[in-house]
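Participant: Okay, handing you the structure first.
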Amino acid sequence: MGAAIRAISEAAATLDIGVVEIHGGIAKPAIDHPVHGILTGQANGWTSSFDFIRDLTAAALVRDEGGLAWVNRLNGKPFEVIQMAPGAIQATYDAMTREPSYTINGKVEAAQNVIHLRGPFGKSPLSLAREAIGTAMMLDRHASNLFTNGARPGGALKFPKTMSEDSVKKARAAWRATHEGGDGQGRTAILYDGAEFEAFAFTSTDAQFLENRKFQILEIARAFRVPPSMLFELDRATWSNTEQMGREFLSYCLGAVAAGAGGCAEPGAVHRCRAWPLRCAVRS
């Protein structure tokens with residue numbers, strides 16, 4: 001999950017972004033526009049544009065309310081953009097038209113001063129994939145328990161004669177002190193009084209959960225629309241299909257992120273943000 005979020009948010013932040021001015025359908029670079037410096041240098045005094053775009057995208061991937069940021073204007077022009085702490089910016093929607101309105105710490109804020117990057121259906125991919133992610137977490141816990149003797153012990157000591165409870169406790173403590181833990185692993189076992197050690201082997205069911213863990217990677221990749229190869233699941237990766245999946249990631253994943261940012265454009269704006277090879281509109 002974390003790898004998918006990083007892949008999308010960092011890829012979005014590394015796109016070559018610039019501002020163009022559009023007149024008569026012709027676009028030309030507008031490097032003097034204040035938004036250009038915000039998107040290519042510093043979003044504000046303590047956040048680079050890379051960090052801002054990465055964190056805004058990541059917020060839209062993990063929170064149902066999406067990624068929200070405030071545009072601070074000076075003399076009517078954008079001066080800086082600030083991604084507020086979660087919950088600082090509240091978005092509400094008209095019951096009929098679904099038009100959003102915003103408040104910052106309880107104070108109404110004009111929509112043109114808010115950047116809002118939302119997920120599909122009003123849900124983040126994290127919420128949409130909660131079942132797959134929950135299963136993957138349970139498999140991780142099972143794997144941890146399995147290999148720390150919590151889910152299945154490594155073997156059993158067998159004694160030919162009956163032992164008292166006190167003798168069993170002493171035998172167990174002596175075995176653990178000698179053979180378990182980082183210092184005791186690999187030592188030669190010496191058994192007395194006809195004792196035998198019987199090792200337990202993994203069953204086919206124990207081994208199958210490893211395949212289940214791989215399948216959950218595919219489920220999470222599908223939910224975030226990230227190629228499995230970008231999550232280092234390379235079982236079926238080849239030179240040709242990896243290249244094609246990279247193109248699909250650019251078109252169907254990053255393209256959706258850029259289009260979502262384009263929804264923040266002001267009607268009739270003549271300045272646009274261009275992210276090569278993607279394009280998106282932003283408030284100017």
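Participant: Out of (1) touching a residue at least 60 places away in the same chain (Cβ under 8 Å); (2) in contact with a His (Cβ under 9 Å, 6 or more places away or on another chain), the odd one out for PRO29 is which?
Facilitator: (1)
Participant: Look through the range 121-134, keep the residues that are of a type outside the set (A, V, I, L, M, F, W, C) and free of Cβ contacts under 8 Å to residues at least 12 places away in the same chain, and return whichever of them is surrounded by the most Cβ atoms within 10 Å (Cβ to Cβ).
Facilitator: ARG130
Participant: On to the next question. Return yes when MET137 is assigned to a helix (DSSP H, G or I), aliphatic (A, V, I, L, M) and without any contact (Cβ under 8 Å) to a residue 40 or more places away in the chain and no when it is not.
Facilitator: Spelling it out, MET137 is indeed assigned to a helix (DSSP H, G or I), aliphatic (A, V, I, L, M) and without any contact (Cβ under 8 Å) to a residue 40 or more places away in the chain.
Participant: If you check PHE215 against the conditions, is it touching a strand residue (DSSP E or B) at 6+ places or on another chain (Cβ under 9 Å) and modelled with pLDDT under 80?
Facilitator: No, not satisfied.
Participant: While we're here: Of all residues in the range 48-73, which are out of contact with any Ser or Thr (no Cβ under 9 Å at 6 or more places or on another chain) and surrounded by fewer than 17 Cβ atoms within 10 Å (Cβ to Cβ)?
Facilitator: SER48, ASP51, ASN72, ARG73
Participant: Among what's in the range 74-109 and is under 23 Å from ILE38 (Cα atoms) and open to solvent by 60 Å² or more (accessible area, probe 1.4 Å), pick the residue that is nearest to the chain's Cα centre (by Cα).
Facilitator: PRO86
Participant: Right, another one. Taking the criterion of being at pLDDT 70 or above, small (Gly, Ala, Ser) and open to solvent by 70 Å² or more (accessible area, probe 1.4 Å), would at least one residue in the range 171-191 satisfy it?
Facilitator: Within the range 171-191, one or more residues are at pLDDT 70 or above, small (Gly, Ala, Ser) and open to solvent by 70 Å² or more (accessible area, probe 1.4 Å).
The values are calculated or read from the model by the stated rules, or taken from the named source; none is laboratory data. Keep in mind that this is a model prediction, so the values were computed, not measured. Ideal geometry is used to build each Cβ from the backbone, glycine not excepted, and the neighbour counts take in all protein chains shown. Heavy atoms of the whole protein, side chains included, go into the accessibility calculation; ligands, DNA and RNA do not. Shrake-Rupley method; radii C 1.70, N 1.55, O 1.52, S 1.80 Å.
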